[in-house]
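Report on the following structure.
The values are calculated or read from the model by the stated rules, or taken from the named source; none is laboratory data. For clarity, every value in this text was computed on a predicted model and none was experimentally measured. Backbone-built Cβ (ideal geometry, glycine too); neighbour counts: all protein chains shown.
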């Protein structure tokens, strides 16, 4: 970096003034126009791929530091997905960048029209702590693929990964246009005061509102990836062994429930509940052994604050009385065992807040129908899962339930599909990303219409006469006769 | 309306939405049909309202509002079913066996704020999108166009389902109360000041917002050598400055950039065209109200600005009328060059070289539209690549809204899921470019949407087969004749070599086909695509 002042900007004592310097630097980088070229974008993405390859061990170590995340999970959910996103973008980017021809209407005949994707400019990515690597690098990949200059603020709640980013990302990418800012609330506030062309936030609804309000000041578009209580509806006709395995891996195998797409609660019929609970217990024992707190395959709770939040959910006697499995806690190591709760009161805190941890309430109803009503009575979740063999129920579920994404007969897998947009609706977020959708999220779709000087229709212009109005009506309605008359330049004058 | 009323309206509409009836194809279709009827039957009412609010001439009202609405509603009716169909997406091996699908679903209850300059067009246009997507709607038209607002409040409930589509009249206080309610999407057209308020209020409920604002839209005027081109270009600029609503339009030309030595020629042409178009001024709209009239007259009051007036400049505060006015090189720091003009004043800024216009535009906030009149291919591609704007139109003005059905107007694109965004659903795309094959195919809309969303043209078997034909330089007539006979000759021809420019044809009518070929030649595209089903007929 040529400018020492900028160097200093990224680090301790980051305030509004330094944030302004940082943004000005990024703006200069973007204004130079180099981020727009295919070569620059490809070079950065290749840099990131190299970074992931070279630093795999360090990344895993950082994730283990922050969350005691098992290496297998780190690889499967973070590293491999990040790399796949990067290579997918590299493969498809040229096609994405190509202006898209669209047909023109007869009214504007003769003309040609296309949609040109252009970078929005300088973007800010604020990421979350539960998947600190993937949730940071994935939007950055999208922003770079779309040709933007980008500032990344990793979550301070996962400090090891955050500082890892600050050291390695600048080494592998163009550090005048890709910057990392470390910090917590004051730094984020300083960043949010600046004018950005897009803000991409992953986290919770409370901060999401703050981000959107700050963005409103500069009319900056935002993408908010939030969470929500993701329901799992289990019908009684399913293969219960497979279903419980898939639910368990989506809940506890995804960062011990600390994932935005993890199942939050299960809905099932009263008659089927005992079968389901039994199968679930067996599955959990098979996965995590007799003493889950000792299992190396279970992530820990991220910090003491969240640990307390989760244990306080169980404080209520009406809730803790419903525990049918698990419930063990180890405050020293911040571990909570997979816990099943059967029929918790609907008005308890655990059914109001996003759980974001290893507790899984099971709610029972007499009819499947009531389950659907229950889901619809709550805020729109990020994901909704259904296990069933009944095609009709599946159809109804897709039709009546509103959610960011939906997965039938499995959990969490849909986010690995780069052809599907990933994002929420209503309380679970605004905007979507992954694959082409990331590119679109960080692109402006510019409408370009081009005409020659032929095909002049005097009917467009004043002074208006009744004949002109007639032609115009024809033109707008796509009448060929009117078109011909207009081309011939009729009526004169 | 009182506060209880506003809250009541919001709750009523939500309860109605929750009943699920707006989701059905039948409901959407019946509402669009009703809207279509409204547009046909109440035409006179709309004309009168627009005349009262803005002094808008009937022809103008039809061209800019009613006509476009009819077009949109027909387009939506035609494509509704296709838009609603879920589309499959490919899934990665890891998830085998699964299938991926994109299912469009309505957002819920949508609030639409429209503005006063096209009080009916800008109210009903988003309404069409919202209905097509199956939402329940509350529409608040601008209080500054009271006659139109009354018209909408009276006729919309008469034709449409008054339980799920409601019109609320009122000023900023009502707007404020509406914003306090929870919505699933807010669609706002108006000024950036109010847009900030709307967005901040929306943040409280995490409501996605689409804002359609304005900005200083420049027109770049290259030194065109042919007198005919000059005439056409100037007519089109006048057509975007004074013709629609006397410049009170968000996509109007705000100022013109031109080379120093070319300026006198442009000015003469402008004056001549104004004289031709406006032998009398009854075809010009008036200024919306006292306040805006005052704002506009203040813009030219400053002596340093007033000195640069070279045409027009007379004001009539009685009738709120401002004569078409041209200014040559007003000071760049004057208010007229820093605020959106939104009225019949046209500054002309001269530059040493036309290429400097790119720098000039980039130094300012991104405009809604850039218009460029040029025949220089190099300048053209530089403008496309180096400037940023909502949209970009070459060699014409305003008409991008006419092809709105196919191009995205402005862009709330970041909500990629089509129906989640009201407008994106209208992006129709009929071409899939197979980079390996170098020919273009025409595909059904459903496949296309999928393609837009996944960019993966897997469903090859669903594409109609066809060939790609180079069109040699030939006369229009000859080409047209050729087009009709083409089938016989082409049936066995091999795919042609790659070409950059491609013209697509998706029509079945030979007459239109001929017209399209003519167009292809006029536009200097050298390739045509003909699906076999046309050829075989």
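Working only within region B:201-225, note down all residues that are surrounded by fewer than 18 Cβ atoms within 10 Å (Cβ to Cβ) and facing chain A (nearest Cβ under 8 Å). The answer is B:204, and nothing else.
The residue that is modelled with the lowest pLDDT, among those in region A:109-119 that are farther than 13 Å from residue A:448 by Cα and facing chain B (nearest Cβ under 7 Å), is A:109.
In region A:367-378 there is at least one residue that is touching a helix residue (DSSP H, G or I) at 6+ places or on another chain (Cβ under 8 Å) and within 14 Å of another protein chain (Cβ to nearest Cβ). Given the criteria in contact with a strand residue (DSSP E or B) (Cβ under 8 Å, 6 or more places away or on another chain), within 13 Å of chain B (Cβ to nearest Cβ) and part of a helix (DSSP H, G or I), does residue A:223 qualify? No: the conditions fail for residue A:223.
Search region A:426-455 for residues being more than 7 Å from chain B (Cβ to nearest Cβ), at negative phi and not in a helix (DSSP H, G or I), and hand back the single one that is farthest from the chain's Cα centre (by Cα). Looking at the filtered set, the residue picked out is A:443.
Of the residues making up region A:351-381, those that are under 23 Å from residue A:253 (Cβ atoms) and in contact with a strand residue (DSSP E or B) (Cβ under 6 Å, 6 or more places away or on another chain) number 8. Does any residue of region A:86-98 turn out to be more than 23 Å from residue A:225 (Cα to Cα), within 14 Å of chain B (Cβ to nearest Cβ) and part of a loop (DSSP other than H, G, I, E, B)? Yes, the conditions are met somewhere in region A:86-98.
Number of residues in region B:210-230 that are modelled with pLDDT under 85 and touching a helix residue (DSSP H, G or I) at 6+ places or on another chain (Cβ under 7 Å) equals 3. Give me the residue from region B:268-290 that is part of a helix (DSSP H, G or I) and modelled with pLDDT under 80 and, out of that set, nearest to the other protein chains (Cβ to nearest Cβ). Ranking the candidates gives B:283 first.
Filtering region A:393-434 down to residues that are out of contact with any strand residue (DSSP E or B) (no Cβ under 9 Å at 6 or more places or on another chain) and farther than 25 Å from residue B:20 by Cβ, which residue is surrounded by the fewest Cβ atoms within 10 Å (Cβ to Cβ)? Step by step, filter region A:393-434, then rank; the result is A:416.
Conditions tested, residue by residue: (1) closer than 29 Å to residue A:131 by Cα; (2) exposed (fewer than 14 other Cβ atoms within 10 Å of the Cβ); (3) out of contact with any strand residue (DSSP E or B) (no Cβ under 7 Å at 6 or more places or on another chain).
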position: A:24; (1), (2), (3): no, no, yes
position: A:32; (1), (2), (3): no, yes, yes
position: A:35; (1), (2), (3): yes, no, no
position: A:49; (1), (2), (3): yes, no, yes
position: A:57; (1), (2), (3): yes, yes, yes
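The set of residues in region B:101-136 being in contact with a strand residue (DSSP E or B) (Cβ under 7 Å, 6 or more places away or on another chain), within 14 Å of another protein chain (Cβ to nearest Cβ) and surrounded by 24 or more Cβ atoms within 10 Å (Cβ to Cβ) consists of B:107, B:109, B:110, B:135, B:136. Does residue A:286 fit the bill of being surrounded by fewer than 21 Cβ atoms within 10 Å (Cβ to Cβ), without any contact (Cβ under 8 Å) to a residue 12 or more places away in the chain and outside any helix (DSSP H, G or I)? So residue A:286 does not fit the description; no.
The condition of being under 22 Å from residue A:381 (Cα atoms) and surrounded by fewer than 17 Cβ atoms within 10 Å (Cβ to Cβ) holds for only one of A:206, A:195, that being A:206.
The numbered conditions (1) in a helix (DSSP H, G or I); (2) more than 14 Å from chain A (Cβ to nearest Cβ); (3) free of Cβ contacts under 8 Å to residues at least 24 places away in the same chain are all true for residue B:174 except (3).
If the condition is being under 19 Å from residue B:116 (Cβ atoms) and part of a loop (DSSP other than H, G, I, E, B), then region B:291-348 contributes B:319, B:320, B:339, B:340, B:341, B:342, B:343, B:344.
Among the residues of region A:350-376, those that are in contact (Cβ under 8 Å) with a residue 24 or more places away in the chain and farther than 22 Å from residue A:316 by Cα comprise A:365, A:366, A:367, A:368, A:371, A:372, A:374, A:375, A:376.
Taking the condition closer than 13 Å to residue B:256 by Cβ and crowded, with 17+ Cβ neighbours inside 10 Å, does residue B:349 pass? Yes: the conditions hold for residue B:349.
Please indicate, with yes or no, whether at least one residue in region B:203-222 is outside the structural domain of residue B:313 (by the TED database) and assigned to a helix (DSSP H, G or I). There is at least one residue in region B:203-222 that is outside the structural domain of residue B:313 (by the TED database) and assigned to a helix (DSSP H, G or I).
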